[in-house]
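Peer 1: Dropping a structure here in structure tokens format, bear with me for questions.
The values are calculated or read from the model by the stated rules, or taken from the named source; none is laboratory data. Note that this is a predicted model, so its numbers are computed, not measured. Neighbour counts run over all protein chains shown; Cβ positions are idealised from the backbone, glycine included. Remember, those area values only see protein heavy atoms, side chains included, never the ligands or the DNA or RNA. Shrake-Rupley method; radii C 1.70, N 1.55, O 1.52, S 1.80 Å.
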Amino acid sequence: VLALVLPVKGRKILRSSRPKAQILRGTVMMLSTFSFFNALSYLPQAEATSINFLAPLLVLSVAPWILKEPPRISRWVAAGVGFLGVLIIIRPTAGLHPIGVMFGLMTACLFATQFIATRRVAVDNSLT
């Protein structure tokens, strides 16, 4: 992507007005990757991936306070339907390994943090 953007936007695309937030975002992305691979060592891929779909629900639940976004019923309905899908895939009585579930939930929380950090640094280097 850099090879495509750099000739058009120049070196200014490499500067950030929020370098600490960008570093935090990158660190959270790395930790979420490690956490997900640990979850995969205990859980089947479908279950580990479906647990990650809790991340948007977590973002939605903290968005009014952190992102100052008003809660909307349509978003909550969509999140509820997504949560039902997660429950169908995970099947709470499936006997999943508790450590794998813990890593899966940690990954979902880290993904939610990553999504929030991405929204907060989105003002940097707009490509529009």
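Peer 1: For the stretch 38-73, give me each residue that is farther than 18 Å from ARG119 by Cβ, at pLDDT below 90 and small (Gly, Ala, Ser).
Peer 2: ALA46, SER50
Peer 1: Turning to a different aspect of this structure: Pairs under 6 Å by beta carbon, first residue more than 20 Å from ARG119 (Cα to Cα) in the stretch 2-31, partner aliphatic (A, V, I, L, M) and modelled with pLDDT under 90, six or more apart or different chains?
Peer 2: From the stretch 2-31, the pairs are VAL5/ILE13.
Peer 1: Moving on. Does the stretch 40-48 contain at least one residue that is open to solvent by less than 50 Å² (accessible area, probe 1.4 Å) and outside any loop (DSSP other than H, G, I, E, B)?
Peer 2: The answer is yes; a qualifying residue exists.
Peer 1: Considering each residue of the stretch 59-75, count those that are touching a helix residue (DSSP H, G or I) at 6+ places or on another chain (Cβ under 6 Å), open to solvent by less than 60 Å² (accessible area, probe 1.4 Å) and in a helix (DSSP H, G or I), and give that number.
Peer 2: 2
Peer 1: Among the residues of the stretch 79-105, write down those that are surrounded by fewer than 17 Cβ atoms within 10 Å (Cβ to Cβ), in contact with a Phe, Trp or Tyr (Cβ under 7 Å, 6 or more places away or on another chain) and at pLDDT 90 or above.
Peer 2: Across the stretch 79-105, the qualifying residue is only ILE99.
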